[in-house]
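Here, each number is a calculation from the coordinates, and none is a lab measurement. As the structure is a computational prediction, the values presented were derived from the model and not from experiment. FYI the Cβ positions are ideal-geometry reconstructions off the backbone, even for glycines, and counts take in every protein chain you see.
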């Protein structure tokens, strides 16, 4: 039996799993993403420590990891990752030096799309969009049954201008993720109340706390603006939601469905689905990528 380490490096947490060749998760670890790590040294070290911990259970044959932002996946370079503070960082080589194993490198959201396209909610569609909502917001575009990335730049829907005056990490105002991401909702709630709570806690309070309800409804409204544009341009058969906020389930899907039902006229109306692997889609996708590196006879 072969095993791989799969790591989804987000703006807030690194989600890691030891995964067998049968895609069974043996062990999971979650740890904070190092802050202010502009040269990737601490992040690479953290990945190495996780791999070594997994190695105490089973031999780790390969490592798959994914990061957010604009990437040159072939060269292993993070061109820009606003939530990590990276620019033109050769992160794959840095991780490779630490782990000393075959390394697969990809975009966090496109990695999630790999899992959903192969075995999850997108598997029955030729045209779909996998949307991850967490610390940031991004999408993987699945067209004609393939994930399209346009040299790593495609899918950064978090930076669509949806028309507000909140500043984004990219330096502009109006960006979707500056108003509708999990981190944005937490900031907005704090601005309104002075209290610091997570987006998950905001969701739990939407029926009892007017501020939480307003923050949630605002985020949904702006997200719907972006989705209307995506549907009009790309005509997906399905929109598949992953990332931390996918755990909201019906509280996310139902209001979006209602808004799009009113807003879409001639456009193809897509199915709105929660990712089969939920917030773990990126991790499972990383495992798939790592397994792809192993000789076929060994997998």
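Structure values in brief
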read-out	value
Inter-label distance, nm, simple model (7 Å from Cα along the C-beta direction), residue 161/residue 292	3.5 nm
Modelled FRET efficiency - R0 45 Å, residue 204 with residue 119, Cβ distances, 0.05 increments	0.90
Share antiparallel - DSSP beta bridges, the chain, percent rounded to 5	60 percent
Footprinting exposure proxy for 3, 277 (fewest neighbouring C-beta atoms within 10 Å first)	277, 3
Net lengthening on full extension, residue 151/residue 79 (0.36 nm per residue, minus Cα-Cα)	24.8 nm
Helix-only CD estimate at 222 nm, as mean residue ellipticity for the chain, using -39500 (n - 2.57) per DSSP H run (n ≥ 4)	-11500 deg cm²/dmol
Listed peptides 106-113, 124-131 by packing density, highest first (mean Cβ within 10 Å)	106-113, 124-131
Angle between the chain longest axis and helix 41-55 axis [Cα atoms, degrees, rounded to 10]	60 degrees
Ascending count of other beta-carbon atoms within 10 Å, so fewest first, for 165, 37	165, 37
Whole-Å distance, taken between Cα centres, linking segment 170-231 and segment 96-153	24 Å
Kirkwood Rh in Å, taken over segment 127-261 so that all alpha-carbon pairs contribute	15.1 Å
Separation between Cα centres of segment 262-295 and segment 5-25, rounded to whole Å	16 Å
Ranked 293, 203, criterion: other C-beta atoms within 10 Å, fewest first	293, 203
Debye intensity ratio in log₁₀ form over the Cα atoms of the chain, taken at each q of 0.09, 0.12, 0.13 Å⁻¹	-0.42, -0.75, -0.88
